[in-house]
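I have placed the structure first, in the form of C-alpha cells, so that the comments after it can refer back to it.
The values are calculated or read from the model by the stated rules, or taken from the named source; none is laboratory data. Nothing here was measured: the structure is a model prediction, and the numbers come from that model. All Cβ positions, glycine included, derive from the backbone under ideal geometry; neighbour counts span all protein chains shown.
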Amino acid sequence: MMDLIETERILKLAIKNSENLKCEGEVASYIPELANVDQDNFGVSLTTTEGETVSLGDDKFKISIQSISKVIDLIMALEDVGAEKVFSKVGTEPTEYKFNSLIPIEEKVVNPFLNAGAITTSSLISGSDVINKFNRVMKKVSELSNGDEVTFLEEVYKSEMRTTDRNRSIAYYLKSIGIIEGNAEEILDLYVRGCSIGLNVRQLSTIGAVLANGGRSLDNKVQLVEKEVVKTTLALMATCGMYEESGKYLIEVGFPSKSGVGGAILGIIPGKCGVCTYSPRLDESGNSIRGKKVLAEISKTLDLNIF
Ligand code: DON
C-alpha cells in the first residue's frame, strides 16, 4: 500500500524541482495540430494497483496519446494473432535509430515501438474493416482506463493524415516486402487513428496501473489483458519504449515506460502503480523533457526503480 499523502507531497516536490525545465525543448510541430496546445501545460497522475489515484496540475486535458498507442497496438496484436506471428514480423531489439526511421527494417521491423513496428502490429489487429478495428481499440482503451470516456481527437487525426508522408511510405514499403498484408492505406489509417486517441493523465495512469496489476482490473474482478501479453509488453517498454534513449532512461528512471510526441509519458511499476506525466516540450528523441525529470525524481524518492 502506498501512502497517498506522502505520494502527493513527493509529486508536488518533483513538480517544483522540474520548474527550471519548463521552457526547455520544443512541442512537436510535424503534426501541425499538436503545436496548437499550450506549451506550458503540465499534469501528473499516479494510480496504485488498489485503484487509488493522486493527480496534480491539469488532469482533465485530453492529451493526444500518439506513440503510447503503440502499447495498445502491440497488446491487441498479441491477443489477436499470438506472439509467434507478431514476432515473425517485428523483432524485440532496441535500436539507435529514430522512431520514424526506415533503416531498421530488413526481414522484420526491429521492434514494435518504432512507427514501422506499430504499423505492423496495427496490421495484425482483427476486425471486419478499419472502423470496426478502431472501435475494438477504443473499447480496449476504455476498459483499461476504468470505463471512462475515451476521446477521438479528430483534428489531430486529420492533421496527421494530411502530413504523414513518411508513415505512408513506411506502410507501402512494408507491404512491398510482405511484412504487412492487406491495404496499406487502411493500415496506415488505423495506426494514425490510434495516435489520435485523447486521454487525460488520470486515464493514462489507470491504464498503467492495470498493466502493473498483471492485466487485471483494479477491483481484481476481470483479466483485461492476458498475463503473458502484459509481461512481453512491459519487457519491450523497458528496453525500447523511449526510443534511442531507452537505455539511458532505464538507468535513470528504472521502470518500463512509453512516450508520445503529444508530450505524455506512461510509466509502469509492476505490482505497485502506473504513473503518467504530461508536458508537451520534447527533446530530440521525441520524449517530454520535464516528464522525464519528474519521473526520474519520483522514482528515487518513492523507490520505484525495479532494479
Ligand atoms: O507516427 C508518428 O510520427 C506519430 N503519430 C507518433 C510518433 C511518436 O509519438 C513518437 N514518440 N515519442
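Pairs linking a residue in region 264-285 that is closer than 21 Å to residue 100 by Cβ to a residue that is acidic (Asp, Glu), with Cβ atoms under 6 Å and 6 or more positions apart or on different chains, are 285/244; 285/245. Has region 134-142 got at least one residue that is polar (S, T, N, Q) and away from the ligand (no atom under 14 Å from the Cβ)? Yes: region 134-142 contains one or more residues that are polar (S, T, N, Q) and away from the ligand (no atom under 14 Å from the Cβ). Region 54-150 holds helices (runs of 4 or more DSSP H) entirely within its bounds, and those carrying 1 or more residues that are under 21 Å from residue 249 (Cα atoms) and in contact with a strand residue (DSSP E or B) (Cβ under 6 Å, 6 or more places away or on another chain) map to 69-81, 115-123.
For region 171-207, filtering for residues that are closer than 14 Å to residue 89 by Cα and in a helix (DSSP H, G or I) leaves 5. If I ask for residues that are more than 11 Å from the ligand (Cβ to nearest atom) and in contact (Cβ under 8 Å) with a residue 60 or more places away in the chain, which ones from region 65-83 would you list? Across region 65-83, the qualifying residues are 71, 72, 73, 74, 75, 76, 78, 79, 83.
Annotation note: Cβ proximity below 9 Å between a residue of region 136-160 that is touching a residue at least 40 places away in the same chain (Cβ under 8 Å) and of a type in the set (Phe, Trp, Tyr) and a residue that is part of a helix (DSSP H, G or I) and surrounded by 14 or more Cβ atoms within 10 Å (Cβ to Cβ) (sequence gap 6+ or interchain) occurs for 152/134; 152/138; 152/193. Contact map, region 50-64: first residue closer than 14 Å to residue 153 by Cα and among the β-branched types (Val, Ile, Thr), second residue crowded, with 16+ Cβ neighbours inside 10 Å and modelled with pLDDT of 95 or more, Cβ cut-off under 6 Å, separation 6 or more or different chains; pairs are 63/262; 63/264; 63/278. Could you tell me whether residue 190 is in contact with a Phe, Trp or Tyr (Cβ under 9 Å, 6 or more places away or on another chain), within 13 Å of the ligand (Cβ to nearest atom) and within 16 Å of residue 140 (Cβ to Cβ)? Answer is yes for this residue. The residue of region 16-47 that is farthest from the ligand (Cβ to nearest atom), among those that are touching a residue at least 12 places away in the same chain (Cβ under 8 Å), surrounded by fewer than 18 Cβ atoms within 10 Å (Cβ to Cβ) and closer than 18 Å to residue 297 by Cβ, is 17.
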